[in-house]
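K.L.:
Before anything else, here's the structure in question.
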Amino acid sequence: MEKHIPESKLISADEALKTVLQGVKPLPAQQVPLVEAFGRVLAEPVVAKEDIPPFANSAMDGYAVRAEDVASASRDHPVHLRVIGSSAAGYVPSTAVVSGTAVRVMTGAPLPRGSDAVVRFENTDEPEQGGDRTPDEVAIYAPAKLWDNVRQAGEDVKKGQVVLEAGTVVRAGEIGLLAATGHTTVLVHRKPRVAILSTGDELLPPGSALEPGKIRDANGYSLYVLVEKYGGVPVPLGIARDTEEDLRAKLHEGLERGVDLFLTSAGVSKGDYDVVKGVLDSEGQISFWMVRMKPGQPLAFGHVQGVPLLGLPGNPVSSIVSFEEFGRPMLLKMQGHTYLRKPTVRGVTAEAFKNSGRRNHVRVRVVKKEGCYVVRRAGPQGSGILLTLSRANGLMIIPEGVYRVEVGEMVDVQMLDWPEIVESGVMDVQKAQEST
Ligand code: AMP
Ligand code: MG
């Protein structure tokens, strides 16, 4: 079949990001049990089904009183009240407080009828009495104002109130709020199912015997965990050989398995992109670009029968960095996130860096020293050297057009691991300090 293969375009990382993000949209919403919503994005506002707290209750361990009874109380002139009962959290007190009486209450206990304030144990003779049983009488040492130490019904949240807006990322606090307001399920955006496909005749899986001319498939594994890390469901499709038939078969398998996104690695650089290009042209619309960035460069993006496809470079570090740069924000957008940037710190360089003028993601080690983030190279920067990536905790960004970064300059570092690894200094702090 005769195919027209256009030259790949040279574009900036910003242009590439804009285009890939335009090519995906938030996935439809689904109702899920509370704990499954963790880390996901609300697809509709959440309205409280109940008041929090549902009833007026004591904010302290103390005595429920009538404020006017104890208005004159002091240590020298205590007010003595008859204790007519006690009340714990979870039970409605049967006794009502009348003038001259008090009910001993625990934190969270419903406020007894008739009372309008709580005097904490510390302002009574409770400590002197030992506090192990309900006394017949209590001496009050301090006055209480109306509703002192009382949490009113609906004080935190009123029934019917919008407690969470659509677009909120659900963390532990939000899960608690949902539970506290009577929800058992919640509407969130669906997790993207992401097909992961390594391509290349040279690839063998880690488990098999190594053969002459062959290497291990690293990308299929690192991309799998990155997809999970950023909230997707990985659908591994294994390895496609550099033939049109094999690639086509794997893509069809992905389509049959209902994936929302294809992630492929390799086969997009000049040497072998004819095969990939041929298949992708007949299955959908794909553009091939040379992105002006390091590591990275070759990148493909488009749709296969309507399903977006991101074609990452084959070199293992390029593949991971390109995924962080383009795949991660796509995945986040599909899940309804609107904040898509990587967490970044401003650090100070402990050594100089040369650059080709392309946007560069330098594998660095960031160490916190006297409140400053100190940045140094994690090792050799070849785009296949995973060992350096494994020794790095950040990617220092050298912007396009910058040829040199001096010692002591302030730089942006996208954190790969954040923040425990920096604070705890497990990234070889000692070595960094010795040479600083
Ligand atoms: P390509 O983009 O196909 O030219 O591949 C670029 C380089 O990455 C070549 O050295 C490939 O052997 C290597 N490579 C491709 N795919 C993988 C993979 N899944 N794991 C490790 N290395 C790979
Ligand atoms: Mg190849």
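K.L.:
If I ask for residues that are in a helix (DSSP H, G or I) and surrounded by 15 or more Cβ atoms within 10 Å (Cβ to Cβ), which ones from region 11-27 would you list?
P.N.:
Selection gives A13, A16, L17, T19, V20, L21.
K.L.:
So, in region 263-274, how many residues would count as being aliphatic (A, V, I, L, M) and either part of a loop (DSSP other than H, G, I, E, B) or within 10 Å of ligand 1 (Cβ to nearest atom) (or both)?
P.N.:
Number satisfying all stated conditions: 2.
K.L.:
Also: Can you tell me which of L299, L310 is at pLDDT 95 or above and closer than 17 Å to E15 by Cβ?
P.N.:
Criteria check complete, one pass: L310.
Rundown of residues vs (1) farther than 24 Å from S265 by Cα; (2) surrounded by 17 or more Cβ atoms within 10 Å (Cβ to Cβ); (3) of a type in the set (A, V, I, L, M); (4) without any contact (Cβ under 8 Å) to a residue 24 or more places away in the chain, yes/no style:
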{"position": "C372", "(1), (2), (3), (4)": "yes, no, no, no"}
{"position": "G382", "(1), (2), (3), (4)": "no, no, no, no"}
{"position": "L395", "(1), (2), (3), (4)": "no, yes, yes, no"}
{"position": "Y403", "(1), (2), (3), (4)": "yes, no, no, no"}
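K.L.:
For region 206-240, name all the residues that are within 16 Å of ligand 2 (Cβ to nearest atom) and either surrounded by fewer than 16 Cβ atoms within 10 Å (Cβ to Cβ) or under 21 Å from E325 (Cβ atoms) (or both).
P.N.:
Passing the criteria: G213, K214, I215, A218, N219, G220, L223, G238.
K.L.:
Another question about this same structure. Only residues that are within 16 Å of ligand 2 (Cβ to nearest atom), at pLDDT below 90 and polar (S, T, N, Q): list them for region 262-296, please.
P.N.:
S269
K.L.:
Looking at region 166-205 only, could you name the residues that are at positive phi and either among the hydrophobic types (A, V, I, L, M, F, W, C) or away from ligand 2 (no atom under 16 Å from the Cβ) (or both)?
P.N.:
G167, G182
K.L.:
What residue, among those in region 31-48 that are surrounded by 16 or more Cβ atoms within 10 Å (Cβ to Cβ) and not charged (D, E, K, R), is farthest from G231 (Cα to Cα)?
P.N.:
For region 31-48, the residue satisfying everything is A48.
K.L.:
In region 191-205, what count of residues is obtained for those that are open to solvent by 60 Å² or more (accessible area, probe 1.4 Å) and either within 13 Å of ligand 1 (Cβ to nearest atom) or among the acidic types (D, E) (or both)?
P.N.:
2
K.L.:
Restricting attention to region 150-165, does a residue exist that is free of Cβ contacts under 8 Å to residues at least 60 places away in the same chain, more than 30 Å from I320 (Cβ to Cβ) and surrounded by fewer than 13 Cβ atoms within 10 Å (Cβ to Cβ)?
P.N.:
Checked region 150-165: no residue is free of Cβ contacts under 8 Å to residues at least 60 places away in the same chain, more than 30 Å from I320 (Cβ to Cβ) and surrounded by fewer than 13 Cβ atoms within 10 Å (Cβ to Cβ).
K.L.:
Please go through region 251-294 and give me each residue that is without any contact (Cβ under 8 Å) to a residue 12 or more places away in the chain and under 24 Å from I215 (Cβ atoms), ordered by number.
P.N.:
Hit for region 251-294 is G271, nothing else.
K.L.:
Now a separate question. Take the conditions open to solvent by 60 Å² or more (accessible area, probe 1.4 Å) and in contact with a helix residue (DSSP H, G or I) (Cβ under 8 Å, 6 or more places away or on another chain) and apply them to P135. Does it pass?
P.N.:
no
K.L.:
Among (1) open to solvent by less than 60 Å² (accessible area, probe 1.4 Å); (2) modelled with pLDDT of 95 or more; (3) more than 16 Å from ligand 1 (Cβ to nearest atom), which single condition is G182 missing?
P.N.:
For G182, the exception is condition (2).
K.L.:
OK, next. Out of region 305-331, which residues are within 15 Å of ligand 1 (Cβ to nearest atom) and in a loop (DSSP other than H, G, I, E, B)?
P.N.:
The answer is P313, G314, N315.
Every residue, every condition in (1) open to solvent by less than 10 Å² (accessible area, probe 1.4 Å); (2) away from ligand 1 (no atom under 16 Å from the Cβ), yes or no:
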| position | (1), (2) |
| --- | --- |
| A249 | no, yes |
| G254 | yes, yes |
| L261 | yes, yes |
| G284 | no, yes |
| S287 | no, yes |
| M293 | yes, no |
| H303 | no, yes |
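K.L.:
So, one more: Of V259, V235, which residue is at pLDDT 95 or above, out of contact with any Gly (no Cβ under 8 Å at 6 or more places or on another chain) and not in a helix (DSSP H, G or I)?
P.N.:
Within the list V259, V235, the selection yields V259.
K.L.:
If you go through region 98-115, how many residues are open to solvent by less than 10 Å² (accessible area, probe 1.4 Å), under 11 Å from A59 (Cβ atoms) and in a loop (DSSP other than H, G, I, E, B)?
P.N.:
Number of matching residues: 1.
K.L.:
Another question about this same structure. Give me the pairs: first residue in region 309-334 and in the same structural domain as P298 (by TED's automatic domain parsing) and open to solvent by 10 Å² or more (accessible area, probe 1.4 Å), second residue part of a helix (DSSP H, G or I) and within 16 Å of ligand 2 (Cβ to nearest atom), beta-carbon distance under 7 Å, and six or more apart or on different chains, which are they?
P.N.:
Every condition considered, the pairs that remain are P316/N219.
K.L.:
OK, next. Which residue pairs have Cβ atoms under 6 Å apart, sit 6 or more places apart or on different chains, and have a first residue in region 222-250 that is touching a residue at least 40 places away in the same chain (Cβ under 8 Å) and of a type in the set (D, E, K, R) and a second that is surrounded by 17 or more Cβ atoms within 10 Å (Cβ to Cβ) and assigned to a strand (DSSP E or B)?
P.N.:
Between residues of region 222-250 that are touching a residue at least 40 places away in the same chain (Cβ under 8 Å) and of a type in the set (D, E, K, R) and residues that are surrounded by 17 or more Cβ atoms within 10 Å (Cβ to Cβ) and assigned to a strand (DSSP E or B), the close pairs are K250/L197; K250/L237; K250/A240.
To keep it simple, each residue is scored yes or no on (1) in a helix (DSSP H, G or I); (2) free of Cβ contacts under 8 Å to residues at least 24 places away in the same chain; (3) more than 27 Å from E174 (Cα to Cα).
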| position | (1), (2), (3) |
| --- | --- |
| Q30 | no, no, no |
| V35 | yes, no, no |
| G39 | no, no, no |
| E50 | no, no, no |
| P54 | no, no, no |
| H77 | no, yes, yes |
| R82 | no, no, yes |
| V92 | no, yes, yes |
| T95 | no, yes, yes |
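The values are calculated or read from the model by the stated rules, or taken from the named source; none is laboratory data. All values reported here derive from a predicted model rather than from experimental measurement. All Cβ positions, even for glycine, are placed from backbone atoms using ideal geometry, and neighbour counts span all protein chains on display. To get the accessible areas, we keep the full protein, side chains included, count just its heavy atoms, and leave off ligands, DNA and RNA. Shrake-Rupley method; radii C 1.70, N 1.55, O 1.52, S 1.80 Å.
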